[in-house]
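So the structure is just underneath, and the comments pick up after that.
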Amino acid sequence: MQHHTVLKVAAKLLLPFILLFALYVQFHGDFGPGGGFQAGVIFGAGIILYALVFGTGHARAVVPPGAVRAAAALGVLLYTGVGVASLLLGANFLDYGILAADPVAGQHLGILLVELGVGLTVTAVMILLFYAFAGVEGAETDRAVANRDGAERAAAERAVADRGGASRAGPDWTSTS
Amino acid sequence: MPSLIDLAAGACLLGGAAFLLVGAIGLVRLPDFFTRVHATGIIDTMGMGLTLIGLILLAGWSLPSVKLVLILGFMLLTGPTATHALAKAALHGRLDPLSGRPPEPPSSSA
Amino acid sequence: MPPAVIEHLILVSLLALMTVTAGAIALTRSLFAAAMLFGIFSLLSAAVFVVLDAVDVAFTEAAVGAGISTILMLATLARTNARQRAGPRLRPGPLALAAGLVLLLAWASSDRPRFAAPEAPANLHVAPRYLQEGPRETGVPNVVTAVLASYRGYDTLGEVTVIFTAGIGVLALLGLGGGARRD
Amino acid sequence: MTGAAALAVLAAMGITLIRALRGPTLYDRVLAVNSFGTLTVLLIALHGFLTERPEFLDIALLYALINFIGTVAVLKFFEYGDLGATGSTED
């Protein structure tokens, strides 16, 4: 989207707020609406916005696919790890009360860690889905563009012909890009 | 006897509602895509802005007010940007600006 | 008008708009139009959840509907065809089946407990304990978070695993697309 | 007052839906969905004030932030027919 300067500037302004809002949803989920799942989706959407506006190549440089793959597994691992930790400390699986001296503080810590695990996995899977579906560059993309361009041009010409004459096309609107 | 701020909030809300309705009617009644863009402009700026300002006046100095100001700011940033980019994409996609004819056979929908 | 009446009016209108949108999605042949109408449907359902006081559900719907689902649908459209194959628009068999199912559900819902009734079975089992003891036991003011992450921790672990598994499945089918594709 | 505004927003939503259903071009549908998103944000905010539960504003804030992403995806789909095109190599 090299000619969409306005879009790029707006996305650049918006992006930090989206990521910040995701963190707010993640860590404020104890007090207001939200939690790990929503935060993960919002964070992933922020990265996807970056990929859409600045290109998948740039996004891959910022968030490498390998890291995404690792993060997806790490989230589940963190969640299960909290459960195993409470098991090792002598309580039931996922019984967070044992994680700290005070059961309420333990519960709070457990919920925080578990939500973090959920957020991590969801963020990673959302980005992973986007990479998987949209990540193929090269021949396939060129073909898709050619298909679309051909269809659109033919339709536009038909539309002009319908009105009886191509002279009204006037200034070359398409060259502004 | 309502306070002056309440009156101002009410006026803003009513004005915003009027602009929203005008914009929505324009979106349906105007003849082609490039004129309809103007109608959404009314919804995205005047209607949205007046309604949110009315709510800010109702909320007074509080956390909801801060959130409403944030919403107002973000919507003022994204709404016109999205409309602009969409109009540009329509030009780029060779939608004729004078007739607003579709670039491909119109989809038959309900 | 009293606020309760307006709230009810909002709910009914939102549900009516949802029905119209769903019908249009079912009837349209342009998959792109269907994707756009799904966006509207998602916005409407988030608004309905807000009106029904289910803030966390509305939050999820908003995040997924606005952030991800449109993108994934478009990404899928880019890899397939943007139009549905032509066929008979209304097939009597499935239509009759669907209509019968709707009638059955409508009939079954007649002895359902009143909406949000305190004496409904769902509100008598464990819910009162969660609501009364949750904030004290977990130190988390938002009861939804307490239930999801602590009382129902097993369920949430299962959900995270499902999401993870879905990611692995997509990865196995499509790969991450970087560099050389092996097909 | 908020009630009247909420009803006006609902009416505007209904009218906007007509444009989304009728098309005729894809751009018209996207335009309608965009406006519909704005109206939903306003409805959620107004409803929060109607019932005096302003924590609903978080949802409106979320929509204000990320409704844009869907539109960007649609634009990219229009211009490249694919969401993965890099397209930013020239700057």
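The values are calculated or read from the model by the stated rules, or taken from the named source; none is laboratory data. Here the structure is a predicted model, which is why all the values come from computation and not from measurement. Neighbour counts run over all protein chains shown; Cβ positions are idealised from the backbone, glycine included. To get the accessible areas, we keep the full protein, side chains included, count just its heavy atoms, and leave off ligands, DNA and RNA. Shrake-Rupley method; radii C 1.70, N 1.55, O 1.52, S 1.80 Å.
I need the phi-derived Karplus couplings for region A:40-52: 6.51 cos²θ - 1.76 cosθ + 1.60, θ = phi - 60°, integer Hz, Gly and Pro marked x. Residue by residue, region A:40-52 yields x, 5, 5, 4, x, 4, x, 5, 5, 4, 4, 5, 5 Hz.
Rounded, prolate or oblate, given the Cα gyration tensor of chain C, with a/c below 1.5 counting as rounded? Oblate shape, in that a/c is at least 1.5 and b/c is the bigger or equal ratio. The three principal axes of the C-alpha atoms in chain D carry coordinate ranges of 50, 31, 16 Å, sorted with the longest axis first.
Give me the lysines in straight-line cross-link reach of residue B:88: C-alpha distance below 22 Å, same-chain residues under 8 apart excluded. Leaving aside lysines fewer than 8 places away in the same chain, those within reach of residue B:88 are A:8, A:12, D:76.
Pair-distance distribution of region A:22-105: all C-alpha pairs, bin width 10 Å, starting at 0; shares per bin in whole percent are 16, 30, 33, 15, 6, 0. Once C-alpha pairs closer than 8 Å and six or more residues apart are averaged by separation and normalised to the residue number of region A:59-125, the relative contact order reads 38 percent.
Label sites at residue C:76 and residue A:84, each approximated as a point 7 angstrom past Cα along Cα to Cβ, lie 3.5 nm apart.
Put the Cα centre of region B:33-75 next to the Cα centre of region A:70-88 and the gap is 43 Å.
Accessible area buried by the pairing of A and D, both sides summed with a 1.4 Å probe, works out to roughly 2600 Å².
Put simply, the amide H of residue C:83, placed in the peptide plane, has neighbours under 5 Å in C:31, leaving out anything fewer than 5 places away on its chain.
The dipole here belongs to region C:126-183: it is taken about the Cα centre, uses +1 on the Cβ of Lys and Arg and -1 on the Cβ of Asp and Glu, and is about 120 debye.
If you run the Gaussian network model on chain D, springs between alpha carbon atoms under 10 Å, then out of D:80, D:63, D:27 the most flexible one is D:80.
Only protein atoms count toward the accessible area here, which uses a 1.4 Å probe; on region C:21-169, the carbon and sulfur part of that area reaches 68 percent. Could you point to the residue in C:74, C:140, C:17 farthest towards the positive end of chain C's charge dipole, with +1 and -1 charges on the Cβ of Lys/Arg and Asp/Glu respectively? Looking along the dipole axis, the top candidate is C:74. Surface burial for D against B, with a 1.4 Å probe and both sides summed, reaches about 3900 Å² of accessible area. Highest average first, the peptides C:106-113, B:12-19, D:6-13, C:119-126 ordered by how many other beta carbon atoms sit within 10 Å of their residues are D:6-13, B:12-19, C:119-126, C:106-113. Surface exposure of chain C, expressed per residue as accessible area with a 1.4 Å probe, stands at 56 Å². Just check region B:4-92 against the gyration tensor rule for me: Cα atoms, a ≥ b ≥ c as the square roots of the eigenvalues, rounded for a/c under 1.5, and otherwise prolate or oblate depending on whether a/b exceeds b/c. It comes out oblate by the Cα gyration axes. Just the Cα atoms of region C:1-83, one point each, no solvent: what log10 I(q)/I(0) does Debye give at q = 0.11, 0.22 Å⁻¹? Log10 of I(q)/I(0), two decimals: -0.35, -1.02. Round to the nearest 0.05 the FRET efficiency obtained for residue A:58 and residue C:120 when R0 = 41 Å and r is the Cβ-Cβ distance. Result of the calculation: an efficiency of 0.20. Spacing of the modelled spin labels on residue C:97 and residue B:38, each 7 Å from Cα toward Cβ, amounts to 5.1 nm. For residue A:105 and residue C:155, a Förster radius of 22 Å and the Cβ-Cβ distance give a FRET efficiency of 0.40, rounded to the nearest 0.05.
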